[in-house]
């Protein structure tokens with residue numbers, strides 16, 4: 001004898017009553033979570049990017065600091081080399097001093113043992129250049145043309161005669177030369193029944209140049225004016 005299963009009562013469906021909510025109600029919550037996750041990921045990416053930027057900035061700053069240090073050291077090295085070169089140049093320069101020996105001048109330089117000099121005079125004087133001469137200037141070299149140039153004026157006159165002097169000396173085993181224009185101080189005096197006397201009185205550095213043209217230009221300005 002078979003037994004039929006119990007019947008589940010059927011609830012009538014009212015078409016005017018909405019069906020019960022399904023799982024779609026959870027969809028808005030899932031979207032919100034996805035948005036949160038996206039924002040969290042974006043935030044993490046921003047932090048990573050910021051950290052990378054900070055790291056790059058640190059590398060750039062460190063590199064710039066190294067460059068500044070290198071640049072400063074290079075500038076200091078260049079300044080030191082320039083100073084050393086200037087000091088070496090100064091040590092090679094000759095500064096001739098003169099002591100009066102009668103009517104002549106004996107030339108010396110306390111810093112260098114000057115062996116010989118070459119000396120050029122203004123061309124208008126007609127005085128031959130003295131080469132490989134002892135370091136002195138003899139009044140007899142220029143007395144005749146200078147007395148002729150100042151003839152007709154007062155017996156007592158004074159002035160400056162520019163000369164181009166190249167001094168030669170030894171620096172250890174190296175022979176060096178230094179050229180410059182000097183002013184030679186001169187003076188004339190009258191002598192009773194013996195005409196006029198000419199003598200040299202001193203020496204002073206005029207210009208550090210070896211230009212003959214400059215020598216002539218200086219002489220044009222400094223030469224004695226012709227007597228009327």
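Determine if the stretch 219-227 includes at least one residue that is assigned to a strand (DSSP E or B) and in contact with a helix residue (DSSP H, G or I) (Cβ under 9 Å, 6 or more places away or on another chain). There is no residue in the stretch 219-227 that is assigned to a strand (DSSP E or B) and in contact with a helix residue (DSSP H, G or I) (Cβ under 9 Å, 6 or more places away or on another chain). If the condition is being outside any strand (DSSP E or B) and on the phi < 0 side of the Ramachandran plot, then the stretch 168-197 contributes 173, 192, 194. Tallying residues that are without any contact (Cβ under 8 Å) to a residue 60 or more places away in the chain, part of a strand (DSSP E or B) and over 26 Å from the mean Cα position of the chain (by Cα) within the stretch 198-218 yields 1. For residue 194, the criteria (1) free of Cβ contacts under 8 Å to residues at least 12 places away in the same chain; (2) more than 22 Å from residue 101 (Cβ to Cβ) hold in every case but one, which is (2).
Residues of the stretch 200-223 that are surrounded by fewer than 17 Cβ atoms within 10 Å (Cβ to Cβ) and under 22 Å from residue 104 (Cβ atoms): 201, 202, 204, 205, 222.
Every number in this text was worked out from the coordinates using simple rules, so none of it is lab data. Bear in mind that the values here come from a model prediction, so they are computed numbers and not experimental data. Methodologically, a virtual Cβ is constructed for each residue, glycine included, from the backbone with ideal geometry; neighbour enumeration extends over all protein chains shown.
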